[in-house]
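A quick write-up on the structure given underneath.
We did not get these values from a lab; they are worked out from the coordinates using the rules stated. For clarity, every value in this text was computed on a predicted model and none was experimentally measured. No Cβ is skipped: glycine too gets one built from the backbone with ideal geometry, and neighbour counts run over all protein chains shown.
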Amino acid sequence: MDKIKFNFKNRTALITGGAQGFGYDIAKRFLESGAKVIIWDIDAKMIEKAEKDLNNSDLISNLVDVSNYNEVENSVNDIIRNSNIDILVNNAGITGPTASLWEYDLEMWKKVVDINLMGTFHCCKAIVPNMIKNNYGRIVNVASVAGKDGNANASAYSVGKAGAIGLTKSLGKELADKNISVNAVTPAGAKTRILDQMTKEHVQRMLSKVPRGRFLEVEEFTSLVCWLSSEENTFSTAAVFDISGGRSTY
């Protein structure tokens, strides 16, 4: 099936967790659609590989830990000295260990929530003022069906993604009087490296909940993110877009 063409010419997009998985594919599609792309990641080797594979002069990549607000703020200030940030895709995330809540390691709980929720908050807090200044912005927060349903033995991940959904609804309403949209996407399991962080039993349990009977293809997810990030999306904001193969129907 041919890809729908999007026009991101003269737009600058920042994608967190952009060196791999969903983020990498989104970066690739944005570049193909004419955008200048900045990817943040905490994996230096994956950044190096992404730069080599994408091989595009409109790509900039930085080593940034989104759970550290000072790093985020300083990196944003560096960007906006020479450019605006028109599009923000908060994609960085980790699943954390598979464990019952009462046996969950305290430090790992904090790490998962710090990246999945606080990272999204940090990026929005630092970048939204630039969007307000220019009266333009498209923010897409990558949440998960786990944030809607709650996954057993993945409480920290579920909590972090549920928080990202709540943040999306609040921020979208706060910015609704401006040409800035804030939306969340809630994918079911997809064919990315994040599955490698889970046990085979947990992966199979996830798959069994999807009426489509398969995992999400990365390219399918990217198409939804592209539309939400485009100028065509002039009305939808503070919304949650499900892409779960029928798992979540609310």
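Taking the options Gly96, Gly119, name whichever one is surrounded by 18 or more Cβ atoms within 10 Å (Cβ to Cβ), closer than 27 Å to Lys178 by Cβ and not hydroxyl-bearing (Ser, Thr, Tyr).
After ruling out the rest, the residue left standing is Gly119.
Taking the stretch 203-247 on its own, how many of its residues are of a type in the set (Phe, Trp, Tyr) and assigned to a helix (DSSP H, G or I)?
If we filter the stretch 203-247 for residues that are of a type in the set (Phe, Trp, Tyr), which is where we start, we get 215, 221, 227, 235, 241.
Filter once more, keeping what is assigned to a helix (DSSP H, G or I): 221, 227.
Residues that pass the stated criteria total 2.
When the residues of the stretch 38-76 are narrowed to those that are touching an Asp or Glu at 6+ places or on another chain (Cβ under 6 Å) and hydrophobic (A, V, I, L, M, F, W, C), which ends up farthest from Phe221 (Cα to Cα)?
Val64
Return the residues of the stretch 61-103 that are of a type in the set (Asp, Glu) and touching a strand residue (DSSP E or B) at 6+ places or on another chain (Cβ under 6 Å); say none if nothing qualifies.
Residue satisfying the conditions is Asp86 alone.
Filtering the stretch 114-150 down to residues that are of a type in the set (S, T, N, Q) and not in a strand (DSSP E or B), which residue is farthest from Gly166 (Cα to Cα)?
Result: Asn134.
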